[in-house]
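Nothing in this text is a laboratory measurement; each read-out follows from the coordinates by a stated rule. Quick caveat: nothing in here was measured; it's all calculated off a predicted structure. Counting neighbours? That spans all protein chains shown, and the Cβs are built from the backbone with ideal geometry, glycine included.
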Amino acid sequence: MARAERKAAAAESALTGVMTHRQIMFVLFGLMAGMFLSALDQSVVGTAMRTIADDLNGLSAQAWVTTAYLITSTIATPIYGKLGDIFGRRKLFITAISIFIFGSVISGLANTMYELAAYRAIQGIGAGGLFALALTILADIVPPRDRARYQGMFLAVFGTSSVLGPLIGGLLAGVDSFLGITGWRWIFLMNLPIGAIALLLVLSFLHVPHIESKSKRIDWWGVLTIIVGVVPLLIVAEQGREWGWTSPNAFIAYTLGVVGITSFIIIERKMGEDAILPLHIFKSRTFSLTTLLGVIVGMGMFGGMISLPLVLQIVYGATATEAGYLMIPMVMGLMISSIMSGQITGKTGKYKIFMVLGTALMSISFLYLSTLVYTWAIWQISIGMVIMGLGLGQMMQTLTIASQNSVEAKDIGVATSSSTFFRQMGGTLGVAVFLSILFNSLADKGAEIGANIQAAITANPGLLNDPRNAVFTSGQDVSELIQSDSSFLKTASPELADPIKQAFAESTASVFIAAGAVVITAFVLSIFIKEVALRTKSGVQEKAEQAAASMH
């Protein structure tokens, strides 16, 4: 009887688009399993990357492993959004998990850094669909007003993975071998059992009604031109510091990017409803401003946050794993504010206040962190992290809900993937810009660092005979060494290490000032965003009603 009732409920939900809380929770289990797979992988791989590079003798190629994954995952995001509208999001989500698992397994078998970069690119194709499709499926089955409460569970997945990731990455990277296989390879191979469980959950529980889209054409020219436009810009963002921002390589990338993006816009205009990124969604002022706000917040957030683990490792001597744990105050702030803002949005239907308050708190955190000095205790940095997390938790889900709510139900897929895509682009740009500010500022302090170290040696010549200070007599460029391997600062005499730590802390403070200026711009913009009343029907429900109306 219970089975018959479940079948009847499923049939009714497919017809009307209305799902029970129990049905929604089962779907969420599947979605969270897929998201956990992607989120855990990113934090684990980041922690172990130095060990992997050392083992494959490819420290110089390390950046390409990250860049390859970033490029394919970013480009795949808007493509999944459109294909999900055409073929159904369940099929695409299963495809994304399958590609991700395949990419993980072959990454674990890589023998060179360039092989690993190629396999990580395949993994990124799968990862690009996991986050955007999960948010879109949630929009399909849950009305905007109730959505924030459920999205808080997604952020809990990210919070959990950010805590577990550094621990697992550190443990596996530190093991020489396990079951006859090099320890770091399990960082990728462990995705096979985790992915199999995720796939099983998705196949079992992710049954979402699919209302067929009238548009069946695939915008292949749009796919090609977005690749031509975005890939060079992502590459120059990742490699620009090494190449030089005004180098010939950089200018080639800028030119290709402009040509590709211009061609993409022309093609999308001609494709109309069939476009990967239908331009008519930007007619909504709320969608356009929210997307722009997402770019600016992404730029400030990722740009500023990239400095925190570096400070913890270089100034405080934390390992990559320890730095991950020291970021927990930010994760806790993020989860608390996400849950609270979601509950309040569900009860009141108001969300704009969280854009304003979220950007305000992020601005305060960056301005507070801009006063950083190397003698600060860890708890002083943690205060800034908590405030940043409280701001971020309000922003992440609110931006998505505002974007989804400002377009018609038929455009939810492309709206979600587009806002995610632009936020990722903003984050990539932020990391490139702020890392340049950080290391350029550090380079400018080179003479000052040298003078302070020389003064310490003059006062105590015996420092050079201390084996802990061997790096200072080897003739190596200290500023370059900091970027490749800063471990010497843990053992060096305080008299010689402190001037470097002081200069790095001051350079990081300049990054926080710049990030604060960016987020203050976002705060001002958030004030001008018009709050559109949150709809009370899910995307599938609205599509089902429209389909029924068109038949009469």
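Relative to the Cα centre, the charge distribution of region 1-210, modelled as +1 at Lys and Arg Cβ and -1 at Asp and Glu Cβ, gives a dipole magnitude of about 660 debye. Of the residues 179, 417, 193, the one whose Cα sits farthest towards the positive end of the charge dipole of the chain is 417 (charges of +1 on Lys and Arg Cβ, -1 on Asp and Glu Cβ, taken about the Cα centre).
Compute the FRET efficiency between residue 205 and residue 106 as 1/(1 + (r/R0)^6), taking r as their Cβ-Cβ distance and R0 = 41 Å, and round to the nearest 0.05.
On the way: r = 28 Å, r/R0 = 0.69.
E between residue 205 and residue 106, to the nearest 0.05, is 0.90.
Here the chain is treated with +1 on each Lys and Arg Cβ and -1 on each Asp and Glu Cβ, and its dipole about the Cα centre works out to around 2120 debye. Value of Rg to Rh for region 76-185, rounded to two decimals, is 1.06; Kirkwood radius and Rg both from alpha-carbon coordinates. Can you compute the FRET efficiency between residue 353 and residue 466 using 1/(1 + (r/R0)^6), with r the Cβ-Cβ distance and R0 = 60 Å? Round to the nearest 0.05. Efficiency, rounded to the nearest 0.05: 0.55. Shown here: mean projected area of the Cα convex hull in nm², derived from the displayed model; of the candidates (1) 35.1; (2) 27.0; (3) 31.7, it corresponds to (2).
Determine the relative contact order of the chain: mean sequence separation of Cα pairs under 8 Å and six or more apart, normalised by residue count, in whole percent.
Values: 900 pairs, mean separation 123.2, N = 552.
With pairs under 8 Å counted, the relative contact order is 22 percent.
Approximating the spin labels as points 7 Å out from Cα along Cα→Cβ, the residue 258-to-residue 378 distance works out to 4.9 nm. Put in order of Cβ neighbour count within 10 Å, fewest first, the listed residues 280, 207, 21 become 21, 280, 207. Report the net charge of residues surrounding residue 534, where surrounding means a beta-carbon distance below 10 angstrom and charges are Lys +1, Arg +1, Asp -1, Glu -1. Its environment carries a net charge of +2. Taking every alpha-carbon pair under 8 Å whose residues sit at least 6 apart, region 283-546 reaches a relative contact order of 39 percent. Fewest-first ordering of 227, 500 by other beta carbons within 10 Å of each residue's beta carbon gives 227, 500.
Structure note, pairs 270/352; 350/410; 352/501; 91/350: Cα-Cα distances above 29 angstrom occur for 270/352; 352/501; 91/350. Each Lys and Arg contributes +1 and each Asp and Glu -1, all at the Cβ; summed about the Cα centre of region 223-275, the dipole is approximately 140 debye.
Using only Cα positions of region 126-239, each an equal point scatterer, no hydration layer, compute I(q)/I(0) via Debye at q = 0.12, 0.16, 0.18, 0.23 Å⁻¹ and quote the log10 values to two decimals. Relative scattering, expressed as log10 I(q)/I(0), comes to -0.77, -1.15, -1.20, -1.26.
Computed over all pairs of different Cα atoms, the Kirkwood value for the hydrodynamic radius of region 283-546 is 20.2 Å.
Can you tell me how much longer the chain between residue 194 and residue 176 gets when fully stretched, taken as 0.36 nm per residue apart minus their C-alpha distance, in nm with one decimal?
Full extension from residue 194 to residue 176 adds 4.3 nm.
Candidates 102, 289, 299 compared by Cα position along the dipole of the chain: farthest toward the positive end lies 289, with charges placed on Cβ.
An oblate overall shape is assigned to region 353-445, the ratio a/c of its alpha-carbon gyration tensor axes (a ≥ b ≥ c) being 1.5 or greater and a/b not exceeding b/c. Using the Karplus relation 6.51 cos²θ - 1.76 cosθ + 1.60 with θ = phi - 60°, the per-residue 3J(HN,Hα) values for region 79-94 come to 5, 4, x, 6, 5, x, 4, 7, 9, x, 6, 4, 4, 5, 5, 5 Hz, with x marking Gly and Pro.
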